[in-house]
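The next block holds one structure in the form of structure tokens; read it before the comments.
What follows draws every value from the coordinates through simple rules; no lab data is involved. Computed from a prediction, not measured in an experiment: that's the story for all the values here. Please note: Cβ atoms are built from the backbone with ideal geometry, for glycine as well, and neighbour counts cover all protein chains shown.
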């Protein structure tokens, strides 16, 4: 019998996912959002009788971060989480039960958001550079005042991935202008990127442009990645 563990986490902000009920299958198991809680079920690679809780929670956090970073990309909401329950059981199938009634008011997160997340998860769980980029994008949504530095780090993972900026924008067919704009704004407005006295408030339009450019660049990378063989890195 296959062994499965289910991790249950409370989402933050709670009201963003209020009355959302959705379940999808991922390549590693099942993901469900129900009443501000995220349930994640995945098979244990090691089916020995002795349970290694440290390894289980390491895997659980890997999958949770992958799900929430991808969800942040899809919804624009940088949700946090707190694990509060763990269940292990033996079964031949991964099934999450106990759904609340779907007859609920309209959710604040658009219907189908988790389904859209499902489409990207194979890329996120298999490609470490995309995963790290989306984790920084997730952080940019959550860290008010620090958005630009994390958006720059999002695209900087592409430089790491391809070895140089020239190789990155040549491969994914993105423009130097977008990459340089994000780097310029991060240098100008974010005080921690360079040691300068004081800081300047970031204009709203600058932030909107930075998020837009980051999304366009990462979207190009995802399109390129979709055309490549998927091997977990």
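Which order results if 173, 126 are arranged by neighbouring Cβ count within 10 Å, fewest first? Don't skip to the answer; put the middle values down first.
On the way: 173 9, 126 18.
Going from sparsest to densest Cβ surroundings: 173, 126.
Which ordering of 127, 12 is given by a fewest-first count of other beta-carbon atoms within 10 Å? List each step's numbers first, then the result.
On the way: 127 22, 12 15.
Neighbour counts put them in this order, fewest first: 12, 127.
Pulled fully out, how much extra length does the chain show between residue 226 and residue 82, if you take 0.36 nm times their separation in residues and subtract their Cα-Cα distance?
On the way: separation 144, 0.36 × 144 = 51.84 nm, distance 3.15 nm.
Working it through step by step, the gained length comes to 48.7 nm.
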- Most exposed first, judged by fewest Cβ atoms within 10 angstrom, 209, 27 run 27, 209
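May I ask you to derive the FRET efficiency for residue 25 and residue 166 from their Cβ-Cβ distance with R0 = 45 Å, giving the value to the nearest 0.05? If you can, show how the numbers build up before the last one.
On the way: r = 40 Å, r/R0 = 0.88.
Once rounded, the FRET efficiency stands at 0.70.
Once the convex hull of the alpha carbons of the range 127-226 is built, what does its volume come to per residue, in cubic angstrom?
Working: hull volume 8.9 nm³, N = 100.
Once divided by residue count, the hull of the range 127-226 is 89 Å³.
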